[in-house]
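The values are calculated or read from the model by the stated rules, or taken from the named source; none is laboratory data. All values reported here derive from a predicted model rather than from experimental measurement. Don't worry about glycine lacking a Cβ; one is built from the backbone with ideal geometry, like all the others, and counts go over all protein chains shown. Keep in mind that these areas ignore ligands, DNA and RNA; they rest on the heavy atoms of the full protein, side chains included. Shrake-Rupley method; radii C 1.70, N 1.55, O 1.52, S 1.80 Å.
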Amino acid sequence: MLLPICSLGVIPVAREMRGAGLSGGTILAFALAAPLFNPLSLLYGLTLSEPFTIFAFGFCTLIVVTVVGLIWDWLFPNSSVAEAAPQPVPQGLRRMLAVAVVSAREIAGPSLLFVVVGVLGVVALSCILPHASLQRTMSHENPWAPLLMAAIAVPAYATPMLAMSQLGSMFQHGNSVGAAFTLLTLGAGTNLGLVLWMQRSYGWRKASVWLGMLLSVVLILSYGVERPLYPTAIEAAGHTHAFDVYCRPFPDGITGLGRFVWDKLRQNTQVHELYGAMCLGALFVAGIALLTLDRRFRIEDWLERPVPESAAGPAWHSASLPASVLGFAALVVLVVVSVVGCFTYYPPSKEALEQISNAETETLAAAISGDRKHAEHWIPIYADWVRKLQVGVYLRTWHLSDYQRAKAKLVQDRLELLEHELADDDKEAVRALVAGISRSQRRLRASFLE
């Protein structure tokens, strides 16, 4: 749970764990638990609903991964098959280069197939589900909501932060708690690429048993937590936009589809996502280059070649650290990076309020001028910074007053109403909401500064 990893990123790790000879139940427990929670998403979730509900969700997901892993190991006790260890690489710069070579080969090799299949699950959903068709299907009164969510969540791919934000939207709108738990466990924990890897690694029978057990335990717990964890103090809304990302992103009959898709990508792609894609692209190109080079020269042959004593570096340069030291250092670094990441991602209130002020200006100016696309782009950014403001204060003081929560919720509710009025092109309602959001923003700012 300390690893900031998603259900696609877990696939190459699971492949290495299988090659190291770990049991299938252990690998499956890791593959499900790692994408569900990390320190960033857990802190984010603590401000979305009552902390008891979030901790209950975390406890129930741990029950799911533990029970499914134990039962699967009991049914298939001989699932561990260790692969031959790779040839040793001399310590020093060559071994560090060997790590980069393995990464490049993995991203351009078997893992790429499973990642592409995982992404194609989201593409299939966006082709099958009509535009905004899931806005009214996850209500607390709908007994089929957890089942419907299970059908959507397995092919869907959600990062821990996305799943947690969708969870918060469901809580705020009074949607089905059982469907929310199903979304967190299956949407963030699984994807079609992971299911395919299971089938290729263990066969159809074992993969089907694993998926059947997972769905059964998740649905049993989903219906079990529906009424005890339902927030009775919240007035249920008639719809939610939390799942629009899984539906067709454009309405029927739209013209200029190519331009619409390009504008959508340009507006929604964040800077860190662009740099991440560039790094993955560079690794992919390096992997393809290595595959091409293999016809003439295999770089591993040079890496594994013993280094002559005359060319060896200083003793400290090639020092060998015990596995226990490396493991302890990795754990300490994970904890430190998680703490630093939390304080960086959720800045102090002063910095968050500055970002909120910028988002408010962009949103309200675009709404008044009638620039719907620009306003719809900034509304979620505005709402997200309001959430980050709460998390940042909670992280530093371990307290968030009911008054601060209420003022933040008022801003978020009015932003959602503004999105609806922009869609309906009601100029009078838009002007009234802009004035209301401006007043609510002043009160929000005062509640966090005083």
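Quick look at the numbers
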| read-out | value |
| --- | --- |
| Restricting the stretch 265-312 to residues that are among the small types (Gly, Ala, Ser) and farther than 30 Å from Ile379 by Cα, the residue that is most open to solvent (accessible area, probe 1.4 Å) | Ser310 |
| Members of the stretch 153-197 that are open to solvent by 10 Å² or more (accessible area, probe 1.4 Å) and aliphatic (A, V, I, L, M) | Val154, Met161, Leu162, Leu192, Val195, Leu196 |
| Subset of the stretch 366-375 [within 17 Å of Ala432 (Cα to Cα) and either open to solvent by 50 Å² or more (accessible area, probe 1.4 Å) or not in a helix (DSSP H, G or I) (or both)] | Ile368, Ser369, Gly370, Asp371, Arg372 |
| In the stretch 64-101, residue farthest from the chain's Cα centre (by Cα) [restricted to those that are open to solvent by 60 Å² or more (accessible area, probe 1.4 Å) and β-branched (Val, Ile, Thr)] | Val81 |
| Answer residue from the stretch 343-365, given it is within 23 Å of the chain's Cα centre (by Cα) and surrounded by 20 or more Cβ atoms within 10 Å (Cβ to Cβ) and is farthest from Val434 (Cα to Cα) among those | Tyr346 |
| Residue that is farthest from the chain's Cα centre (by Cα) [pool: residues in the stretch 230-262 that are at pLDDT 75 or above and of a type in the set (D, E, K, R)] | Arg259 |
| Positions within the stretch 1-47 being at pLDDT below 85, crowded, with 22+ Cβ neighbours inside 10 Å and part of a loop (DSSP other than H, G, I, E, B), in sequence order | Phe37, Asn38, Thr47 |
| Verdict on Pro155 being in a loop (DSSP other than H, G, I, E, B), modelled with pLDDT under 85 and not aliphatic (A, V, I, L, M) | no |
| Residue identified as polar (S, T, N, Q) and in contact with a Gly (Cβ under 7 Å, 6 or more places away or on another chain) among Ser41, Ser23, Ser7 | Ser7 |
